[in-house]
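Notes follow the structure.
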């Protein structure tokens, strides 16, 4: 064991004095991304529950998704959500140029289209309840409703967040904090569209065709 | 992950937004969902084939959204987001797949099978 390459303890520097500190925005967005992945595990458990409760005996001779899912109705929800995500993206492109008006327009459009998605979902759930399909109907109906409404709850909180960001952009402008929050909201909103693809294809469409 | 910009607008995660990318991701996902909806509502294929086709539609749509919307790739700035997503995928699939498999085996051994009672 030679000490040939060891630095002299008296003169060694333990850390880089030119270190500029953490990149605050990247540290926050990465942390938020990890949170979103754990949110994905919440959906994994709900998909697993739906998987084991989508056998014909799970519906207790009651209505199944083949009876109460209307693919084209739910497709309009898909269009609304994808357009909302696109509108948010347009807002982020405006942020790139530092345009406050562009960001506000993107946020407003994303909010309106997200609200359309939620309105269609609530109308659908009221319709199901009117036809006697509630969480009390059967295990299969519970799994269906809890999974789809957990997604809808995410959209609801996303809408609140969009409103909060509209006020913060107006009052504070593009500070490190508000820009970081716009970026984390971007990830949140995009993730909801990605989870919706799973919900739409494997719960609505597969349920309808079974 | 250190960039040291004072102006948050110049941060790479802001600057990586692209109008063309957002439109590409939007169009790919929307057309795939349109195709899946049309095939399912017209019962274009027998159930197993249909499930296979809509699964492919979902997978391509999700990959397009992750690439064009979330901008996840192997660039220096995004590599850790991509690594954590890649590590997340097996957890997601195993949670759903193993739970579903356990219960399908349980049902097979404990439920009296009536005609037409299989996988709904």
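Work out the FRET efficiency for residue B:42 and residue B:108 from their Cβ-Cβ distance, taking R0 = 35 Å, and round it to the nearest 0.05.
0.60
Taking only Cα atoms, what is the 0 to 90° angle, nearest 10, from helix A:100-130's long axis to the longest principal axis of chain A?
Approximately 30 degrees, to the nearest 10.
With the Cα gyration tensor of the range A:2-155 giving a ≥ b ≥ c as the square roots of its eigenvalues, does the rule (a/c under 1.5 for rounded; else a/b larger than b/c for prolate; else oblate) give rounded, prolate or oblate?
oblate
How high is the FRET efficiency between residue A:79 and residue A:161 when r is their beta carbon distance and R₀ equals 30 Å, given to the nearest 0.05?
It comes to 0.85.
Any idea how far apart residue A:72 and residue B:84 come out in nm if each label point goes 7 Å out from Cα toward Cβ?
Rounded to a tenth, the inter-label distance reads 4.3 nm.
Compute the angle between helix B:19-41 and the longest alpha-carbon principal axis of chain B, please, reported from 0 to 90 degrees and rounded to the nearest 10.
10
If you fit an axis through the alpha-carbon atoms of helix A:176-198 and take the longest principal axis of the Cα set of chain A, what angle between them do you get, 0 to 90°, nearest 10?
Roughly 40 degrees between the two axes.
Debye sum, Cα scatterers, the range A:57-139, no solvent: what log₁₀ I/I(0) at q = 0.20, 0.25, 0.27 1/Å?
The calculated log intensity ratios at q = 0.20, 0.25, 0.27 Å⁻¹ are -0.85, -1.07, -1.15.
How much length would be gained if the chain were fully extended between residue B:98 and residue B:55, taking 0.36 nm per residue of separation minus their Cα-Cα distance, in nm to one decimal?
13.6 nm
Express in whole angstrom the spacing between the alpha-carbon centres of the range B:16-43 and the range A:173-207.
What the calculation gives is 16 Å, centre to centre.
Quick one: what do you get for the range B:1-102 if you divide its Cα Rg by 2.2 N^0.38 Å?
Working it through for the range B:1-102, the quotient is 1.41.
Report the Rg/Rh value for the range A:80-210, based on alpha-carbon coordinates and the Kirkwood definition of Rh.
Using Cα coordinates only, the ratio equals 1.07.
With just the Cα atoms of the protein assembly as shown, tell me how far they stretch along each of the three principal axes, in Å, largest first.
On the principal axes, the protein assembly as shown reaches 82, 62, 34 Å in Cα extent.
What FRET efficiency, computed as 1/(1 + (r/R0)^6) with R0 = 51 Å and r the Cβ-Cβ distance, is obtained for residue A:61 and residue A:97, rounded to the nearest 0.05?
The calculated FRET efficiency here is 0.30.
By how many nm would the segment from residue A:39 to residue A:115 lengthen if fully extended, with 0.36 nm per residue of separation less the alpha-carbon distance?
Separation in residues times 0.36 nm, less the Cα-Cα distance, equals 25.2 nm.
Laboratory data are not the source of any read-out in this text; all were calculated from the coordinates shown. Here the structure is a predicted model, which is why all the values come from computation and not from measurement. Glycine also receives a Cβ, built like all others from the backbone with ideal geometry; neighbour counts cover every protein chain displayed.
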